[in-house]
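Input: a single structure, listed below in structure tokens.
The values are calculated or read from the model by the stated rules, or taken from the named source; none is laboratory data. For clarity, every value in this text was computed on a predicted model and none was experimentally measured. A quick note on method: Cβ atoms are made from the backbone with ideal geometry, for glycine too, and the neighbour counts reach across all protein chains shown. These area figures cover heavy atoms from the full protein model, side chains too; ligands, DNA and RNA do not enter into them. Shrake-Rupley method; radii C 1.70, N 1.55, O 1.52, S 1.80 Å.
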Amino acid sequence: MTAAYITTTIPYVNARPHIGHALELVQADVLARYRRVRGDDVRFQSGTDDNSLKNVLAAEAAGVGVREFVDRNARAFLALGGALSLSVDDFIRTSHDPRHRPGVERFWRACADDLYQKRYEGLYCTGCEQFYTPAELRDGRCPEHDTEPQQVSEENWFFRLSRYAGPLREAISTGRLRIEPAGRRNEVLAFIDAGLADFSVSRPATRADGWGIPVPGDPGQVIYVWFDALCNYVTALDYPDEGEAFRRWWLGDGDRIHLLGKGVLRFHAVYWPAMLLSSGLPLPTAVFVHDYLTAGGRKISKSAAVR
Ligand SMILES: [Zn+2]
């Protein structure tokens, strides 16, 4: 019997779910059910990303407290699991789960050799929670959101991603970390070969309105939401105490499979594996990437209303 740990991404809760979320949840559910029928030992996990700056901005726009706003939308995501009859075994909420914050803090410390501070200036899309280089923009606008990014200048913590190009390339090209379909694997390899720049992993607490997990030893900064969110794949497995679930599902010799949309491929196939290498943990065994549901040629999203 093979163990299979299967995860969906954890969406921002800046709005209620839409059918695009159902697509990923159902895909993951099909895989989980198939593996159970085959006789495998399966853990299927989903959840919500509560700590995003996007949630803070959406709550402000709605005139509601951040906590109340986040709780309300997270409940809608949780309810979706019931409506779709998903066979989910665990659902993690990054602002609520008592396992999450200590896990993220521990992960941060485990990566300490690769973390350093510097002043950064760049173009930031709050929709993506990501910095862009001018060359990555389309007519000066975010390729995902078609909005103009903000010019941001701040002192941040950085992760030494540049160190991991060789090990990542090796893991992906040998299939130790499978990326499916092949076109997405080639996209990741091309991204690595173009040169990996260190990435920012914290934000000033003031800009995040105090929302999020403070950087251990530097409370003026909160941990970048992506660093925080990606950790959910191990924090939900009692990583902070290296408990039984962590040893069984992450350190064991079974499959560790992430399902995700193409827009977050880089985070799951480059940043997250590099963070795991830095912290001395095993990599996922597979990353399955889906496209988007579209309407009228545009991605269905929480921010782009469909008429
Ligand atoms: Zn964007």
- Task: Hey, can you find the accessible area per residue of region 160-299 for me, probe 1.4 Å, expressed in square angstrom?
- Result: 38
- Query: What's the local net charge at ARG163, with K and R +1, D and E -1, over the other residues with C-beta under 10 Å away?
  - Reply: -2
- Out of residues 5 or more away from ASP198 or on other chains, whose amide H comes under 5 Å of its own, with H placed 1.01 Å from N in the peptide plane? LEU161, SER162
- Cα pair count fraction exceeding 33 Å, expressed as % - the chain: 19
- Dividing the mean separation of Cα pairs under 8 Å (6+ apart) by the residue count of the chain yields a relative contact order in percent of 23
- Item | More than 17 angstrom apart: percent of Cα pairs within region 175-297 | 64
- What order, most packed first, do the peptides 167-176, 264-273, 105-114, 12-21 have when packing is the mean number of other Cβ atoms within 10 Å of each residue? 264-273, 12-21, 105-114, 167-176
- Query: LYS299: which lysines have alpha carbons under 25 Å from its alpha carbon, excluding same-chain residues fewer than 8 sequence positions away?
  - Reply: LYS54, LYS262
- Item | Fraction of beta bridges assigned by DSSP in the chain that are antiparallel (%, nearest 5) | 50
- Query: Just from its helices, what would the mean residue ellipticity at 222 nm be for the chain, if runs of 4 or more DSSP H residues each count -39500 (n - 2.57) and the sum is divided by every residue, rounded to the nearest 500 deg cm²/dmol?
  - Reply: -10000 deg cm²/dmol
